[in-house]
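Report on the following structure.
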Amino acid sequence: MLAFLQDYWVLFLLAIVALFIVRMIFKAVFKIALIAAGIGLVLVFVFHFSASDVLQKGQDAAGLIKDASVETVVPLLQSEMKDADISFQPDGTYEVKTTHVRVIGKKGEPTATLYYGDFHFEINVSQLGDVVQQQLEQAQAQQS
């Protein structure tokens with residue numbers, strides 16, 4: 001066993017590090033779930049909300065967060081669009097790069113992936129506005 005560890009000490013070390021990272025992620029997710037469950041229980045038992053009301057409030061909050069993120073990123077993208085680099089790939093995908101935002105999508109599909117810093121999420125391409133659509137069409141016409 002000792003000879004095995006001496007030969008593969010790097011793999012052993014990586015396995016231990018991976019185990020600690022997975023453990024930390026699991027603990028964080030578990031804490032978030034416990035907090036959400038605690039808030040839900042307080043709303044049900046203390047404030048006499050029904051379980052469906054609690055679920056609806058959670059869905060409403062998630063929707064508000066998504067709307068706020070779109071309302072924040074779309075004006076930023078539209079203001080930076082004049083300096084954007086747009087590239088098209090032969091398979092129909094396109095990439096729009098600005099100084100802060102990157103959008104990757106496929107021509108004809110209604111959704112694209114928006115990258116902002118370390119975060120990314122799916123957006124509806126129509127939410128990007130007419131400025132972005134016009135820039136995409138112009139860039140595609142120039143590359144054709």
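The values are calculated or read from the model by the stated rules, or taken from the named source; none is laboratory data. These numbers were taken from a predicted model, which means no experiment stands behind them. Glycine also receives a Cβ, built like all others from the backbone with ideal geometry; neighbour counts cover every protein chain displayed. Just so you know, the surface numbers come from the protein's heavy atoms only, side chains and all, with ligands and any DNA or RNA stripped out. Shrake-Rupley method; radii C 1.70, N 1.55, O 1.52, S 1.80 Å.
Of all residue pairs spaced 6 or more apart or on separate chains, none has beta-carbon atoms under 7 Å together with a first member in the range 20-34 that is within 19 Å of G58 (Cα to Cα) and open to solvent by 100 Å² or more (accessible area, probe 1.4 Å) and a second member that is at pLDDT below 90 and aliphatic (A, V, I, L, M).
Collect the residues in the range 89-109 that are of a type in the set (K, R) and within 15 Å of the chain's Cα centre (by Cα), keeping them in residue-number order. Hit for the range 89-109 is R102, nothing else.
Out of curiosity, is F4 part of a helix (DSSP H, G or I), more than 22 Å from L114 (Cβ to Cβ), aromatic (F, W, Y) and within 24 Å of the chain's Cα centre (by Cα)?
Values: part of a helix (DSSP H, G or I): yes; more than 22 Å from L114 (Cβ to Cβ): yes; aromatic (F, W, Y): yes; within 24 Å of the chain's Cα centre (by Cα): no.
No.
Could you say whether any residue in the range 82-100 is within 27 Å of A62 (Cβ to Cβ) and modelled with pLDDT under 80? Checked against the condition, which is being within 27 Å of A62 (Cβ to Cβ) and modelled with pLDDT under 80, the range 82-100 yields at least one hit.
Considering each of S52, S126 in turn, give the residue that is surrounded by fewer than 14 Cβ atoms within 10 Å (Cβ to Cβ) and more than 19 Å from the chain's Cα centre (by Cα). Break it down stepwise before answering.
Working: S126 fails: more than 19 Å from the chain's Cα centre (by Cα).
Going through S52, S126 in turn, just one is surrounded by fewer than 14 Cβ atoms within 10 Å (Cβ to Cβ) and more than 19 Å from the chain's Cα centre (by Cα): S52.
Every residue in the range 86-112 that is surrounded by fewer than 13 Cβ atoms within 10 Å (Cβ to Cβ) and among the polar types (S, T, N, Q), please. Correct list: S87, Q89, T99.
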